[in-house]
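Quick note: the coordinates plus some simple rules give every number you see, no bench work behind them. Remember, predicted model here, so these are calculated numbers, not experimental data. Here Cβ is always computed from backbone atoms with ideal geometry, including for glycine, and neighbour counts include all displayed protein chains.
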Ligand SMILES: NC(=O)c1ccc[n+]([C@@H]2O[C@H](COP(=O)([O-])OP(=O)(O)OC[C@H]3O[C@@H](n4cnc5c(N)ncnc54)[C@H](O)[C@@H]3O)[C@@H](O)[C@H]2O)c1
């Protein structure tokens, strides 16, 4: 793979499809590296001024000359599959890295003429700031598609974590979902409030996990201890198999969290929230990519 990466000339032209939260940030990331970036969104009229990024009025002009495409449209399987068919009609086997949060690349590639061109590059919001990108091929993704996507992302300063094979939720969202399932169980059973459960993460396991993942944490704590902890607690942990009522009932009420002003918390102002402060700190700490 390394030799193949060396043999590939660097990508100079990037197309981004979908100019929402993620697509705009992905476009900014590559424009900041001095790459030629074109972006297309079906709601073109909504697009703001984007310095260094060419806004296209149709898909075909966006794809012209693109050596790689980042797909960041809404999370609907049929819409993504239809778009991928259109991309391949217009641009053949150009590698397409989807930013999907939930679909496996094999699902996205179903029925395509060039399934080998499809993979997932799963960024985290804000995509131009958070280092991690999970890179997920499916069974027949071409090694060259993985290699050039990875080389470009690493050049952009991203920490690329490749998966050896596709799995629902990839790595980070599976880990997050496991924690959320247990957090909801603690809330439902009246063990602690949402604030108190959040505090246990923010002031306890969270800072530790910013420095070491679960395996290093186990090593440092002692595997004999973790044998006892997992053996005692695993049989007691939540095994809930559907979206929890605590989330679903709020969604029904239109309580979608910060974006609607109400979720588990009320949001009067976002400017001083810890998450916004984190965003600001990460932005300040991120070094500009070399052009
Ligand atoms: N928001 C996040 O935190 C986050 C994190 C990781 C991955 N993702 C994934 O990234 C993708 C985009 O998410 P987002 O939050 O940016 O969504 P968004 O709703 O902010 O933006 C999606 C954009 O895609 C456009 N669009 C929809 N269909 C299109 C089409 N056929 N052609 C062109 N444009 C089209 C919409 O007009 C919209 O502007 C989704 O797959 C999502 O699951 C989101």
Check: Between the helical axis of 223-233 and the dominant principal axis of the chain, each derived from Cα atoms, what acute angle in degrees is found, rounded to the nearest 10?
Finding: 80
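Quick one: which of 119-130, 140-151 comes out on top by average Cβ neighbours within 10 Å, and what's the full order, highest first? Show your work: numbers first, answer last.
Values: 119-130: 21.5, 140-151: 18.9.
Packing order, densest peptide first, comes out as 119-130, 140-151.
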Next item on the list: Would you mind calculating the relative contact order of the chain from Cα pairs under 8 angstrom and at least 6 residues apart, reporting the percent as a whole number?
Entry: 14
Note to self: Using C-alpha positions alone, give me the convex hull volume of segment 174-285 per residue in cubic angstrom.
What the structure shows: 134
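Can you tell me the FRET efficiency between residue 219 and residue 163 if r is taken as the Cβ-Cβ distance and R0 is 25 Å, rounded to the nearest 0.05?
The pair residue 219/residue 163 has a calculated efficiency of 0.65.
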Next item on the list: Determine, for each peptide in 189-197, 77-85, the mean count of other beta carbons within 10 angstrom over its residues, then list the peptides with the highest first.
Entry: 77-85, 189-197
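Per-residue counts of other Cβ atoms within 10 Å, averaged by peptide: what ranking do you get for 236-245, 87-96, highest first? Each step should come with its number before you reach the end.
On the way: 236-245: 10.4, 87-96: 19.3.
Peptide ranking by packing, descending: 87-96, 236-245.
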Notebook entry, point to check: Taking 0.36 nm per residue of separation and subtracting the Cα-Cα distance, what length does fully extending residue 202 through residue 245 add?
Noted result: 13.1 nm
Checklist line | Normalised per residue, the volume of the convex hull around the Cα set of the chain (Å³) | finding: 170
Item checked: Descending semi-axes in whole angstrom, ellipsoid equivalent of segment 119-193, from the Cα gyration tensor -> 32, 15, 6
Note to self: What is the angle, in °, between the Cα long axis of helix 172-188 and the longest principal axis of the Cα atoms in the chain? Nearest 10 is fine, range 0 to 90.
What the structure shows: 30
Next item on the list: Mind grabbing the base-10 log of I(q)/I(0) for segment 2-162 at q = 0.10, 0.12 Å⁻¹? Debye formula, identical points on the C-alpha positions, no solvent, two decimal places.
Entry: -0.30, -0.44
Margin query: Test of understanding: ordering 26, 53 by Cβ neighbours within 10 Å, fewest first, what list do you get?
Written below: 53, 26
Item checked: Relative exposure of 45, 249, judged by other C-beta atoms within 10 Å (fewest first) -> 45, 249
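Over segment 2-162, calculate the relative contact order: mean separation of alpha carbon pairs under 8 Å at least 6 apart, over the residue count, as a percent.
Numbers: 307 pairs, mean separation 34.4, N = 161.
Rounded, it is 21 percent for segment 2-162.
Okay, helix-only estimate at 222 nm for the chain: each DSSP H run of n ≥ 4 adds -39500 (n - 2.57), divide by all residues, round to 500 deg cm²/dmol; what do you get? Before the final figure, lay out the partial values.
Numbers: 13 runs with 124 residues, N = 291.
One gets -12500 deg cm²/dmol as the mean residue ellipticity at 222 nm.
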Item checked: Segment residue 233-residue 58, length gained on full extension (0.36 nm per residue, minus Cα span) -> 57.6 nm
Notebook entry, point to check: Got a sec? How would 158, 259 order by Cβ neighbour count within 10 Å, fewest to most?
Noted result: 259, 158
Note to self: Nearest 10 degrees is fine. How inclined is helix 21-31 to the longest principal axis of the chain, computing both from alpha carbons?
What the structure shows: 50
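Rounded to a whole number of µm²/s, how large is the Stokes-Einstein D of segment 93-222 at 4 °C and 1.567 mPa s, given Rh as the Kirkwood radius over C-alpha pairs?
78
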